[in-house]
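Every number in this text was worked out from the coordinates using simple rules, so none of it is lab data. Small disclaimer: the values here were computed from a predicted structure and weren't measured. Cβ coordinates were reconstructed from backbone atoms using ideal geometry, including for glycine residues, and neighbour counts include every protein chain displayed.
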Amino acid sequence: MGFGKYVGARVLWAVVVSLIITTVTFLLLAAAPNPAIREAATQAALQGGDPAAAVERERELRGLNQPLYVRYMDFIQSVYTLDWGWSESRSQPVTEALLQALYYTAQYSIPWTILTITLGPLVGVYSAANMYSWRDHVATGFAFFGYAIPNFFFGIILLLIFGVWFEVVPISYDTSAAVFSLQNVRQLILPVFVLVTGSIGATMRVSRNESAEFQNSDFMKTAKAKGVSPLRAYAYHVMRPTLVPLSTTLVGQLLALFIGSSLLVEVVFGIPGLGRLTFNALLSQDTNLVLGSTLVFTFVAVVGNLLEDLVFTVLDPRINYDDR
Amino acid sequence: MWIGCTDSTADHDGCNPVQSNYLNFLVSAFIVYGMSQRHNDGGSNGRRLGRRQWLSMLGVGGATALAGCSGGDGGDGSDGGTGNETDGDDGMDGGDGGDGSTDTSTYSTAVSASFTTLNPIYNTENGAGNAIARALDQGYTFDEDNEYVPLLYDMSTEDGEVWTFEVREGLQFSDPYGEVTASDFVYLVQEIHQSSWAKSAATTSWQGVTVEETGEYEFQATLESPQLLWPESFDPLLYPIPQALLEPFVAEQDTDGLRQNEELLELQFSGNLGPYVLDEWQRDGGTQYTRNDDYYLQNADDLPDVFNEAPYFDSAEIQVLGEQASRLGALETGEVDQAAIPPERVEEYRNNDEIHVNRVPQPYNEKISVNMRDNGWTTGPGNMFRHKEFRQAMAAAIDKQSLIQGVFRDFAETHFTWQPRFSNFYPPEEDIPQFGVGDSYGSEFARGLAEEAFGQSEYDYSFDGETMVDPDGNQVQLSIYHSAGQETEQLMGEFIAQELGNNLGIDVSVEAIDGTRFNNEYWTTTEFPTPERNDDGEVTNVPDELVDTVNGEEVEWTAPTATNPGPRNVTANEDWDMEIVFGLNTYPRNPLTNSAFFDGATAFYNPVGYYPGFNAEELFDSAQQASSEEELADALVELFANLAEEQPYIMLAFPDSTVGYREGLQGPIENFSNGWNLPAWRYE
């Protein structure tokens, strides 16, 4: 199978997978009790009405008295036309809620992701190049520290030091700050720093160990013998093969660019992003919103898997799809 | 988590009066995490969560401390509003914090939970009520002396049955809606609150009330029976909503349209009706406002002069900061002017020159609910909780003073009967038993009461040495649930377990549970039998499961609800013994509202299956028919004496709300009515 056919087949499969997931979601929803009906029954009882009749009226109003397949078709149509309903816990359309939260999440997750995928391998290769020196130990210590300390705790400590004591960053997040402004940089610097230190460790350690393999490889010796500068040698001959196994996580992280929200960091820094949206939707049993955010994550995961496989060929030409 | 003020709601006693109604008593318990939120959510928070939290009566408590910084979450500082400024707690390092500077041009408040809706017709949350109140006044409020203060309208009555509302002149909606007149209020009540389709938050408040327009600025409401304390119930509290805005929805009976209307959600019609104008509601982020230069109270000559220039800030904002440490950090640095303080950090903040801490008494209680239904007392046969003497024994086994000192850092009052001490209806101390203090506390006293209860049981419970044993000779083992993550609650649970173990020989296990799960699976149920009705809605047949004998008389549950689904044989899905997940409102302004809890076995908020051992219905009736506040007080004294004796819930404490403000802020008071004059708050 050629590359084109392979991609076509994978895309089709992605559509099937997403359909299966939305179908399962629909069935779970159909089986779950509807809180609106419960409320209707309660209100009827309070007003001296008949709870059973109220339940029936409510079911009719919400179309729950229709056959399952009719409801299913409506559901699928709504999903694929982005008519995701109204979020009761936020009093706005679900798609608007998701976009709004995404706007704030992206402001910290984009720099977080870019810094992680660039700094991680760089520090790893640097560490490998200086293996067992004090530089290596400092880099390793930094990586382990960031990996080990819980983000929310680290965030609170940093807020205490830089926000409360030194007052160089604001404690509360100002949603009205312009995206590209000094004010936004000040209020986002801590969350981004906390997240980068939390995620850089794994990437850095993997790239350190991977690149250690290539430092003494024949092609490196050849390169050095030919007088290639160390920077070029590491960039071209060590970094590139190192990135192949890393790409599995890197592509995932790239995809997380927009949805890689962090609930705890958003809570600590007061950022109204996707993490808090999803968490609050779950807590408040906002079915439409939970469903909406689930669908976003589902679609991104499906697309992510697809892209990840394709990226291998870009990074390593030895991988091809001719035999598939 | 406190139920009682729905988050919003309702009575307001202590909550920002949003919409009062019996709906608030029901349904989903809203959960306010953190001791914090309790003072709030909501919020709630808070004291909240959950679906609509219209419950009117619970709160949960808890606060955590984390690495010297803070902990927990929760707290809401529910902030100002025309209602009471009750905040939650928060906590973060106070002490030697930075020297923040106060921005005196913006009045900023930190709260822990965001708002579900700002639509005044549907809001049931206290926190959202405060957010709405920044831009839209309600009909009236109560000042620090508990005196009625007319805002949009004045209310008067001769007999408590016919009430006249006089609408203030000069109230203006935004264009194109024009002036506020009596017809706007009458239309709102008749076509929305009294309709069957709109399902507004105030639906039950206006049931059975006949409303009639009697002039351009005057309307009358006639009640089914006299209610001297009608304003105190907050039932007649209305928001001004333009008739023209509502008419299209009424014509179509479009509930969703009304609920989702942007003008209502963003308060675009507020005109000169609030101290500020809402600029933006950033979901999960908070609200921002600018000063309303035309605020109608500036011209009100029946209010103190300080309102003439109100509000005193150029702008206002409510920031949602989920993390307690962040809220307190913002207070310390001056980014916000107000935030709730958890009890364990109050002393630190009192030593901070830039912050002053107010202690505001609250009507929300901490108590143990004991399950008298068939799914309670899981240790063996014969539910001992049903015996008054056993409940008294439990109350006597728990040292209230130690609880208050150890868990609430002295920021709480002892709780003996269903009213806080600041209530005008609190009975004389000598009229009520005071279990859990002095001679009425201790092992010997408690065991004596327990043995009286054993004597009344058909099962052979007894003491084997220090241990309480069941008929098989095994130690009595019970469990008590608290909200997961609420440190104060957990501490309280452990203290209760220790006291019941030491003084009554009961083995109590303390278990954490998510508040929503407890509410849905343990506290309430939607699967209960219902009576048959004819086409007119009259009950024609009550199934046997809804009939029980109470004090020798046959009682029928003709209107079972999720929070009182029937007699003790009708239960929620899961078994449970005791809980401290929810706190309840005791309604000190209008104690008659407590009939929802105690008006007989069929009272509609009775998840524990309490059957009063005295004629509660009669006492409520006589209180209802009282023609003066003195008569009312007399009737209520007997009621509260009986409740103190009966201990339908094991009453423990009334925690205070502790709120931190930036130094120099004028307006906050250490009174239940704190916040009634929020537009007049200012810096010196």
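Model label sites at B:Ser402 and A:Asn209, defined 7 Å from Cα along the beta-carbon direction, differ in position by 5.4 nm.
Diffusion coefficient of the stretch B:541-642 by Stokes-Einstein, Kirkwood radius over Cα pairs, 4 °C, 1.567 mPa s: 87 µm²/s. As a calculated quantity, the FRET efficiency between B:Asp431 and B:Glu466 at R0 = 30 Å, using C-beta atoms, amounts to about 0.30.
The stretch A:136-294 gives an Rg/Rh value of 1.09, both radii derived from C-alpha positions and Rh following Kirkwood. The listed peptides B:550-560, B:164-174, ordered by packing as a protection proxy, come out as B:164-174, B:550-560 (highest mean of other Cβ atoms within 10 Å first).
Counting only other chain Cβ atoms within 10 Å of each residue's Cβ, the peptide B:513-520 averages 1.
Pairs of Cα atoms in the stretch B:374-482 fall into 10 Å distance bins, from 0 up to the last occupied one, in shares of 13, 37, 32, 15, 2 percent.
Listed from fewest to most Cβ neighbours within 10 Å, the set B:Ser156, B:Ser443 follows the order B:Ser156, B:Ser443. With the simple model of a label 7 Å out from the Cα in the direction of the Cβ, A:Tyr80 to B:Glu247 spans 4.4 nm. Please find the FRET efficiency linking B:Trp197 to A:Leu282, where r is the Cβ-Cβ separation and R0 is fixed at 30 Å, and quote it to the nearest 0.05. According to the calculation, E is roughly 0.50.
Using only Cα atoms, what Kirkwood radius does the stretch B:485-537 have, in angstroms? After inverting the pairwise mean of 1/r, the radius is 14.4 Å. Label separation (B:Glu670 vs A:Tyr103): 4.5 nm, computed from points 7 Å beyond Cα along the C-beta direction. Here the gap between B:Glu216 and B:Val555, fully extended at 0.36 nm per residue and compared with their Cα-Cα distance, gives a gain of 117.2 nm. Peptide A:87-96 has a mean of 5 when you count, residue by residue, the C-beta atoms of other protein chains within 10 Å of its C-beta. Applying 1/(1 + (r/R0)^6) with r as the Cβ-Cβ distance of B:Ser457 and B:Asp575 and R0 = 22 angstrom yields a FRET efficiency of 0.70. Legend: mean number of C-beta atoms from other chains within 10 angstrom of residue C-beta atoms, peptide A:269-276, equals 4.
Cα extents for chain B along the principal axes, largest to smallest and rounded to whole angstrom: 76, 68, 43.
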